[in-house]
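Only one structure is covered here, and it is reproduced in the block below.
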Amino acid sequence: MQSMMAIEKASQLIREGKCLLISGDEKLLASLPAGNWVGGTSPYFMTEDGGLSTKDKVQVLEVPGFVSDVTIRMYRVEELSSIPDDYKPNGFSYIIVPAFSEAHQVFAHDCSTWPGVFNRPLLGWIAGIDLADFGRVSPKVFNGRTGESSSSKTVVLHADLPADKYANLNIINLFTQSDGDTITFDQSGFESSQCFVNGERQSFAKYIKTRNIDTKLPLVADYLGALVNVSFQGVDVDADKVTFYAPVFPGVEYKIAKPVGEYAAEFRHQIEGKSIDPMFTCNCILNYLYAGLEGKKTGHMVGPITFGEIAYMLLNQTLVYLTFESK
Amino acid sequence: MIPSKDSPQWVLFIDRLGTVPVGNLAARMLMTRLKMKLNFEKNSPEARQQCIAEAHSFFVQNENNIQSDIKLIFG
């Protein structure tokens, strides 16, 4: 099944009782019938034919039939920490958070501290908008069972698997740490004024400007071999402030990323020879823009282009994917 | 295969956090976070117990899925 489709085809699949993960324009999602689906807004997609921006079609990824006991719930901000309590015994949970919301901030800051959050695969994305509409529309998430949509709540689909299978959540991050300075922070947050460069406190904005650092390259932290990015949003030397698309944390050593060559080609090189058949993937809007992914493929990996990716925690400039394995 | 929470193997696990090359993404992220917690809370006995409890819960719930990492950690 091609993932991109007209609203009529998506509606038909819903009426057939399929369990679906849907992304697309708000007006299209709002017109879908009630059923076994969750959705989030995005006009950017990685498709079977390459990167695409459209408000005329939705992207539909089908949850396999062996998945069972699907529950869909909207969480208010104060309820987010209870998400792991709703994990299924052998399943996975799929989460969509609206960008620019308090939920986005709280999830990013706190999720790793929630007891049990790592016990089951938690994958998902930050719903976004057409960048041309910035400031005029807000991202939304949808509970297809109830018809509720929200720019402040978070939707999660919890699902279980048969005893002979398990869900495996992984990432593909083309960015690696450069050999340069080690950068640390003494406070967590989506913005920073001061940092420590090789242990010496200084203004982070001035450091970036004086070294002419390319802020299309993220900060990269090494989580015991898992490379986790924090992407730059803005650098303001006058305000002495640097802003990010994910929080930095104290106690983590960051380095500026090494440049990547031609993203699509390097991506295909990373996955060639590997038998990866994901139920779901998502990739970052920054990769889409900076690497010029419109019209270019990332192998057979299809899914929404997002304002943040979630693999247990908020990630930037990373592809996240979920597969099912046999025990 | 997973030691009980009061086993001295967990003390060793906590002391060696960040040195065992596990492969699973969740294990890597969890262990990094636990290490950050211990550093922030100055390796207090309470923080160590909380970290052991969280790690124990994770490995028990994923015992069938990450056997190679469990073997690497606990032998």
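The values are calculated or read from the model by the stated rules, or taken from the named source; none is laboratory data. Bear in mind that the values here come from a model prediction, so they are computed numbers and not experimental data. Please note: Cβ atoms are built from the backbone with ideal geometry, for glycine as well, and neighbour counts cover all protein chains shown. Accessible surface areas use protein heavy atoms only, side chains included; no ligands, DNA or RNA. Shrake-Rupley method; radii C 1.70, N 1.55, O 1.52, S 1.80 Å.
Taking R0 as 30 Å, what FRET efficiency do you get between A:Phe66 and A:Lys27 from their Cβ-Cβ distance, rounded to the nearest 0.05? Efficiency at R0 = 30 Å is approximately 0.35.
For A:Asp240 and A:Thr146 in the same chain, what is the full-extension length gain: residue separation times 0.36 nm, less their Cα-Cα distance, in nm?
Here the segment from A:Asp240 to A:Thr146 would lengthen by 29.3 nm.
Which residues does the label zone of A:Thr210 cover in segment A:235-251, counting backbone N under 17 Å from a point 7 Å along Cα→Cβ? Under cut-off, by backbone N: A:236-242. Using a 1.4 Å probe on the protein heavy atoms, what percent of the accessible area of the protein assembly as shown belongs to carbon and sulfur? Looking at the protein assembly as shown in its full context, I get 47 percent from C and S.
Heavy-atom accessible surface of segment A:33-140, averaged per residue, reaches 35 Å², computed with a 1.4 Å probe. Ordering A:Pro247, A:Phe190, A:Phe232 by Cα displacement along the dipole of segment A:183-270 toward the positive end leaves A:Phe232 in first place; charges were set at the Cβ atoms of Lys, Arg (+1) and Asp, Glu (-1). For A:Glu266 and A:Gln105, the FRET efficiency from 1/(1 + (r/R0)^6), where r spans their Cβ atoms and R0 equals 41 Å, is about 0.80.
When the other protein chains are added to the chain by itself, burial of at least 30 square angstrom of heavy-atom accessible area (probe 1.4 Å, ligands and nucleic acids ignored) affects these residues of segment A:106-135: A:Ser112, A:Phe118, A:Asn119, A:Arg120.
Backbone phi angles across segment B:4-13, fed through the Karplus curve with coefficients 6.51, -1.76 and 1.60 (θ = phi - 60°), yield HN-Hα couplings of 5, 4, 8, 6, x, 5, 6, 5, 5, 4 Hz in residue order; Gly and Pro are listed as x.
Buried between B and A is an accessible area of approximately 1900 Å², summed over both sides with a 1.4 Å probe. One decimal place: the segment A:Gln202-A:Gln233 gains 9.2 nm when fully extended, by the rule 0.36 nm per residue minus the C-alpha distance.
Divide the volume of the convex hull around the Cα atoms of chain B by the residue count and you get 75 Å³ per residue.
Placing +1 on each Lys and Arg Cβ and -1 on each Asp and Glu Cβ, with no other charges, gives segment A:136-182 a dipole about its Cα centre of roughly 440 debye. Couplings 3J(HN,Hα) of segment A:196-210, computed from phi: 10, 10, 6, x, 9, 5, 7, 6, 5, 4, 5, 4, 5, 5, 5 Hz, in residue order, whole Hz [Karplus 6.51 cos²θ - 1.76 cosθ + 1.60, θ = phi - 60°; x for Gly and Pro]. Can you give me the accessible area per residue for chain B, using a 1.4 Å probe, in Å²? With the other protein chains kept in place, chain B gives 52 Å² per residue.
With the gyration tensor restricted to C-alpha atoms of segment A:205-327, the semi-axes of the equivalent ellipsoid amount to 28, 17, 13 Å, longest first. In a simple Cβ point-charge model (Lys, Arg +1; Asp, Glu -1; nothing else charged), the protein assembly as shown has a dipole of about 180 debye relative to its Cα centre. Mind running the shape call on the protein assembly as shown? Use the C-alpha gyration tensor, a ≥ b ≥ c as the square roots of the eigenvalues: rounded below 1.5 for a/c, prolate if a/b tops b/c, oblate otherwise. Since a/c reaches 1.5 but b/c is at least a/b, the shape of the protein assembly as shown is classed as oblate. Name the residues of segment A:143-168, by number, that are at least 30 Å² less accessible with every protein chain in place than in the isolated chain; the surface is that of heavy atoms, probe 1.4 Å, without ligands or nucleic acids. The answer is A:Tyr166 - residues whose exposure falls by at least 30 Å² when every protein chain is included.
Note on segment A:137-286: dipole from Cβ charges, positive end direction compared against A:Tyr207, A:Leu286, A:Thr176; the farthest Cα belongs to A:Leu286.
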